[in-house]
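A quick write-up on the structure given underneath.
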2 protein chains.
Amino acid sequence: MKPTFMGASTKQGYEIAAKSREIVRSLIDEKTKDLTSEERSIVERIVHSTADPEYADITRMSSDFVQQSLEAVSQGKDILTDISMVKAGINKYPGNIYCYISDERAVNLAREQEITRAAAAMELAAVEGFEGVVVIGNAPTALWKVMELVEAGSMNVKSVIGVPVGFVGAAESKKALAETLIPHLVTEGPKGGTPVAVAAINSLINISRNER
Amino acid sequence: MKPTFMGASTKQGYEIAAKSREIVRSLIDEKTKDLTSEERSIVERIVHSTADPEYADITRMSSDFVQQSLEAVSQGKDILTDISMVKAGINKYPGNIYCYISDERAVNLAREQEITRAAAAMELAAVEGFEGVVVIGNAPTALWKVMELVEAGSMNVKSVIGVPVGFVGAAESKKALAETLIPHLVTEGPKGGTPVAVAAINSLINISRNER
């Protein structure tokens, strides 16, 4: 694959990305000074993708998140996303990326168990033998389900990017994840979403390929 | 297709969406009181999708935006997106949704003309006879290209959702769109992005089906 920089693959795209990175750094330099260089790269890319410097204040990673995630990503382990928008944004990964939300088995499971399709999709992934990094950009119910499956020993999770968005249940689900031993990245409060999730995983993929 | 409410299709998803809508309304009620009910629905869905009430302050629609967009959407006209993440988020549209950013012809065009792939993708769409609503959630260069093509009479655009995100060129491109006669929705400043774009077009699709 051609080398890229923050998703850019043409000279024009590269110039825009480089200039943006410089502006982002000037905005969040002080806030990220205690982070490792990898953690800082991830936060920079999130702020670049959202144009919202507040993410430098609310993004939290467990101390083992980067190492565990990089190990999984560089070994080409699976990536599991909650919705197809997140999957569509991960465009430079040689490994498998799964999203079961539109899978008929998940739809049926949701109906039978009276859970959301996003939660049912996580259960299906566990049954299918998923092993790797979970990336949740939308549904708190998916994140709760992942914690439940890991606790029950039913899902082999290397790390979780848990950044569901919304005023109902998102903040609570992220707070709960931050209290587990699962290596994680979360955003505090209601904010988060697909661009945050995609920025975090794409940043890890780039770091594992020695590109920032 | 099954009726949905803000993307939810199960009882659990519906309840979460309904509660979220209520919270969103309480947060932005005052800010949206001068909008039409359709405009208000669109802004509510954007704030629901981002958990960021600031979008009620920075979202701007031309007075003809809702009518022109609804006409196009209810006639099943084309939707054109700049990146595949936006396309992936539009999941209830019976018409065609196009995204040419990974099309080999766009990649070649970008190289030849030294423009971004996102801009080249817009040119390709025009050549392919696109007619409908343009939805740009990421690339300012794509938005500039659409304005250029419309001005030249080379692209048949009914309305533009122009919400590219970023610190380099995004705000300027949206300001320029707001000064054209093209029916448009923009967000002022650097903020915007794929969830905003997807929320706006999905809201219009729902309104055209008499669902909010």
| From the set of residues in segment B:5-24 that are among the aliphatic types (A, V, I, L, M), crowded, with 21+ Cβ neighbours inside 10 Å and assigned to a helix (DSSP H, G or I), which is modelled with the highest pLDDT? | B:Val24
| B:Val43: within 14 Å of another protein chain (Cβ to nearest Cβ), in contact (Cβ under 8 Å) with a residue 12 or more places away in the chain, on the phi < 0 side of the Ramachandran plot and out of contact with any Asp or Glu (no Cβ under 8 Å at 6 or more places or on another chain), yes or no? | no
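Let's see how each residue does on (1) assigned to a helix (DSSP H, G or I); (2) within 14 Å of chain A (Cβ to nearest Cβ); (3) aromatic (Phe, Trp, Tyr):
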position	(1), (2), (3)
B:Lys92	no, yes, no
B:Arg105	yes, no, no
B:Asn108	yes, yes, no
B:Leu124	yes, no, no
B:Val134	no, no, no
B:Trp144	yes, yes, yes
B:Phe167	no, yes, yes
B:Lys174	yes, yes, no
| request: Of the conditions (1) over 28 Å from B:Ala118 (Cα atoms); (2) in contact with a Leu (Cβ under 6 Å, 6 or more places away or on another chain), A:Val73 clears all except one; give me its number. | output: (1)
| Failed item, numbered, when A:Gln67 is tested on (1) in a loop (DSSP other than H, G, I, E, B); (2) surrounded by fewer than 16 Cβ atoms within 10 Å (Cβ to Cβ); (3) modelled with pLDDT of 95 or more | (1)
| message | Among the residues of segment B:110-122, what is the count of those that are more than 9 Å from chain A (Cβ to nearest Cβ) and more than 22 Å from B:Gly166 (Cβ to Cβ)? | response | 1
| request: Would you be able to tell me the number of residues in segment B:78-90 that are facing chain A (nearest Cβ under 10 Å) and out of contact with any Lys or Arg (no Cβ under 8 Å at 6 or more places or on another chain)? | output: 7
| request: Identify, from the list B:Val133, B:Val146, B:Val198, B:Val160, the residue that is buried (at least 24 other Cβ atoms within 10 Å of the Cβ), within 12 Å of the chain's Cα centre (by Cα), modelled with pLDDT of 95 or more and under 23 Å from A:Gln12 (Cβ atoms). | output: B:Val160
| query | Quick check, is B:Ala152 small (Gly, Ala, Ser) and either away from every other protein chain (no Cβ under 14 Å) or more than 18 Å from B:Ile79 (Cα to Cα) (or both)? | reply | yes
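The values are calculated or read from the model by the stated rules, or taken from the named source; none is laboratory data. What you are looking at is a predicted structure, and each value in this text was computed from that prediction instead of being measured. Quick reminder, even Gly has a Cβ in these numbers, built from the backbone with ideal geometry, and neighbours come from all protein chains shown.
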